[in-house]
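The values are calculated or read from the model by the stated rules, or taken from the named source; none is laboratory data. Bear in mind that the values here come from a model prediction, so they are computed numbers and not experimental data. So basically every Cβ, Gly included, is an ideal-geometry build from the backbone, and we count neighbours across all protein chains shown. Note: accessible area is taken over every heavy atom of the protein model, side chains too, but ligands, DNA and RNA are not part of it. Shrake-Rupley method; radii C 1.70, N 1.55, O 1.52, S 1.80 Å.
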Amino acid sequence: MDHPAGAPLLALCTALLWAVMLRRGRWAALALPLGALLGFAWVMGGFSASPRQLPERLPLLALGALLLALPLALGARGLVAGGLVLLGGVATGWWMAGAPLTEADLRRVIPVLVLLGLLVPLLHRAAAGPWRATVAAVALAAGLWAAGTPGPWLLLALVLLGAGLPLFFLGQPLPEAALLPFTVLLAAVLAGGLLMRGAPADWMAALAPLGALLLGAAPAGHRGAWQAPVLLLAAALPGVALAWLLR
């Protein structure tokens, strides 16, 4: 990669071009997973069919998130949509745990499977509101920067932020076809820093987006255009500040 800003800019431009071309149609929501897919691939230098390192798993995970979003873009709702959310959580946990296939390997990675299997549905529910996904993406990037988390996790978080900006600027809840891939990738990047190093600063960085979604979402409710994001950001700030102090 020639410049660190290249991948987030690629994600932003891809998502913006896709969203503008489709003019808010049902397929416009796929701008987010498509932009993230290309941005992650740029960061990691392509796709790896058998990734050994944690960050290398993100491009194919983004491809999987895009495929999960297709039925939602076609109008899937109800039990089908709920099943896709659960599938997204289980698949994310399995893939980020290294895609274990044997019983012994599965037992070894049970904590990761359970963590992400529960985190994706939880984030999906908590992020379903105006400005929530926007602030969560900003909080994740800010937390990783404050913690000094090693590896490309901050750059991956900026890619996810860039891919979502065309939809974030609408100030409306993300469409389902964008919300599910967003929460899958948010959970994966959030967990990546913990699994890579797991220092106290990394845990505080992970708490920044969780604080915005789980603590700030309720008081933010359906408040005005500026009140909701301010309350969400206020809930994220303690995590960012503690990540900085503990780095």
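Does LEU115 satisfy the criteria of being open to solvent by 60 Å² or more (accessible area, probe 1.4 Å) and more than 16 Å from the chain's Cα centre (by Cα)? No; evaluated as a whole, the condition is false for this residue. Scanning segment 50-79 for residues that are part of a loop (DSSP other than H, G, I, E, B) and open to solvent by 60 Å² or more (accessible area, probe 1.4 Å) yields a total of 5.
Taking every residue in segment 227-241 that is closer than 17 Å to GLN172 by Cα and pairing it with any residue that is charged (D, E, K, R), at least 6 positions away or on another chain, the pairs with Cβ-Cβ distances below 8 Å are LEU231/ARG223; LEU232/ARG132. Screening PHE40, PHE47 for residues that are at pLDDT below 85 and either closer than 16 Å to VAL159 by Cβ or in a helix (DSSP H, G or I) (or both) leaves exactly one candidate, PHE47. Taken over segment 184-206, the residue count meeting the criterion of being open to solvent by 30 Å² or more (accessible area, probe 1.4 Å) and either under 10 Å from LEU242 (Cβ atoms) or assigned to a helix (DSSP H, G or I) (or both) is 5.
Being surrounded by 24 or more Cβ atoms within 10 Å (Cβ to Cβ) and free of Cβ contacts under 8 Å to residues at least 40 places away in the same chain is the requirement here; does ALA141 meet it? So ALA141 passes the test. Among the candidates PRO150, PRO209, PRO175, PRO181, the residue that is open to solvent by 40 Å² or more (accessible area, probe 1.4 Å), touching a Leu at 6+ places or on another chain (Cβ under 8 Å) and modelled with pLDDT of 90 or more is uniquely PRO175. The single condition among (1) closer than 23 Å to THR14 by Cα; (2) more than 18 Å from the chain's Cα centre (by Cα) that LEU34 does not satisfy is (2).
Restricting attention to segment 153-172, the residues being open to solvent by 10 Å² or more (accessible area, probe 1.4 Å) and part of a helix (DSSP H, G or I) number 7. The set of residues from segment 128-138 being open to solvent by 10 Å² or more (accessible area, probe 1.4 Å) and under 22 Å from PRO59 (Cα atoms) comprises THR134, VAL138. One residue stands out in segment 31-49 among those that are open to solvent by 10 Å² or more (accessible area, probe 1.4 Å) and not small (Gly, Ala, Ser): the one that is farthest from THR149 (Cα to Cα), namely LEU34.
When GLY88 is tested against (1) open to solvent by less than 30 Å² (accessible area, probe 1.4 Å); (2) in contact (Cβ under 8 Å) with a residue 12 or more places away in the chain; (3) out of contact with any Pro (no Cβ under 9 Å at 6 or more places or on another chain), exactly one condition is not met: (3).
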